[in-house]
Amino acid sequence: MSSGKTSSAADAGLTHLAVSLRSVTKTYDNGVMALGPFDLTVRKGEFISLLGPSGCGKSTVLRLIAELSAPSSGIVRVARHEGEVLPGHGIGFVFQEPTLMPWTSVRENVRLPLRLAGVPKAEARGRADAALASVGLADFADAFPRELSGGMKMRVSLARALVTDPDILLMDEPFAALDEITRFRLNNDLLALWRSLGKTVIFVTHSVFESVYLSQRVVVMTARPGRIQADIRIETVEPRGEAFRTSAAYSDYCRKVSAALAPSYSGQSTL
Ligand SMILES: Nc1ncnc2c1ncn2[C@@H]1O[C@H](COP(=O)(O)OP(=O)(O)O)[C@@H](O)[C@H]1O
Ligand SMILES: [Mg+2]
């Protein structure tokens with residue numbers, strides 16, 4: 001098998017694209033073929049969801065884009081600003097677990113990526129506070145993680161991903177562990193942030209409802225090895241809100257996406 005490639009230098013060829021995966025496969029060292037062949041392009045500023053059953057390779061796709069893992073074959077290209085060549089630079093990653101340091105304040109948690117990048121303390125403090133304000137936590141900078149609800153911890157995790165001002169935000173089932181009301185609120189706040197900040201968002205979920213509510217495109221994956229089963233554009237009046245969530249168009253899209261997902265679940269005995 002030919003060896004895959006991740007392009008990390010400024011890549012003028014991408015122009016309007018944030019991410020391009022071409023014929024990408026990933027086989028882990030233990031022989032598990034997790035992905036592919038997989039082709040995906042994401043435009044700059046687009047909000048897409050990757051939807052698929054557990055184990056189909058969704059997190060693998062995000063790790064390949066973040067250069068935390070290399071493809072076994074095929075090419076992964078990620079748009080960079082001129083001169084940005086550090087691995088992972090320009091990308092923010094939010095995981096399902098907020099993974100906060102319990103021994104220090106919310107502000108220090110958010111400041112961490114800037115500290116690691118050597119940003120001077122006063123500047124980093126200002127940027128951390130601005131990131132916290134953008135997720136509605138301006139008043140909690142001095143709090144400790146244990147004082148926060150699950151939804152607030154996830155907001156801190158989002159602020160930490162935004163504090164470096166990345167162009168691309170990768171979100172791996174970030175709201176899966178939250179109750180429905182909290183999740184709806186975070187969905188709306190994430191959409192507002194996306195509209196105001198203009199970032200590219202690649203959002204992994206296994207909720208049909210969440211994917212349709214949030215994204216401009218829902219990319220449905222097959223069971224492992226993950227390939228693209230369907231790529232469905234969600235067109236509606238923007239900005240989205242509760243009116244969309246309760247509309248006939250929303251239910252129609254959910255039905256269409258569920259139908260595309262159904263074959264991925266058939267024959268799976270491990271769920
Ligand atoms: N580091 C790894 N080593 C071996 N197998 C892995 C590794 N990471 C993931 N896998 C396997 O690859 C498949 C896809 O994993 P993953 O991308 O995490 O799926 P998803 O996020 O869709 O649940 C799964 O079968 C998983 O067990
Ligand atoms: Mg996963």
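Worth pointing out:
- Residue in segment 183-194 that is touching a residue at least 12 places away in the same chain (Cβ under 8 Å), in a strand (DSSP E or B) and hydrophobic (A, V, I, L, M, F, W, C) present: no
- Applying a threshold of 7 Å to beta carbon distances and a minimum spacing of six or more residues, or different chains, the list of pairs starting in segment 206-231 at a residue that is more than 22 Å from residue 190 (Cα to Cα) and within 15 Å of ligand 2 (Cβ to nearest atom) and ending at one that is among the aliphatic types (A, V, I, L, M) and in a loop (DSSP other than H, G, I, E, B) is empty.
- So residue 40, is it buried (at least 24 other Cβ atoms within 10 Å of the Cβ) and either among the acidic types (Asp, Glu) or assigned to a strand (DSSP E or B) (or both): no
- Residue, nearest to residue 46 (Cα to Cα), within segment 163-205, restricted to residues that are surrounded by 19 or more Cβ atoms within 10 Å (Cβ to Cβ), among the hydrophobic types (A, V, I, L, M, F, W, C) and within 16 Å of ligand 2 (Cβ to nearest atom): 202
- Residue selected from segment 54-66 under the condition over 16 Å from residue 231 (Cβ atoms) and within 7 Å of ligand 1 (Cβ to nearest atom), by the criterion surrounded by the fewest Cβ atoms within 10 Å (Cβ to Cβ): 54
- Members of segment 132-164 that are in contact with a helix residue (DSSP H, G or I) (Cβ under 8 Å, 6 or more places away or on another chain), closer than 21 Å to residue 199 by Cβ and without any contact (Cβ under 8 Å) to a residue 24 or more places away in the chain: 138
- Flag for residue 20 being within 13 Å of ligand 2 (Cβ to nearest atom), farther than 18 Å from residue 205 by Cβ and in contact (Cβ under 8 Å) with a residue 40 or more places away in the chain: no
- Failed condition for residue 178, given (1) in contact with a Leu (Cβ under 8 Å, 6 or more places away or on another chain); (2) closer than 21 Å to residue 110 by Cβ; (3) in contact (Cβ under 8 Å) with a residue 60 or more places away in the chain; (4) not in a helix (DSSP H, G or I): (3)
- Note on segment 104-123: residues that are hydrophobic (A, V, I, L, M, F, W, C) and in contact (Cβ under 8 Å) with a residue 24 or more places away in the chain total 5.
Every read-out reported here was derived from the displayed coordinates using simple, explicitly stated rules and does not represent laboratory data. In this text, all values refer to a predicted model and were calculated from it rather than measured experimentally. Cβ: placed from backbone, ideal geometry, glycine included. Neighbour counts: every protein chain shown.
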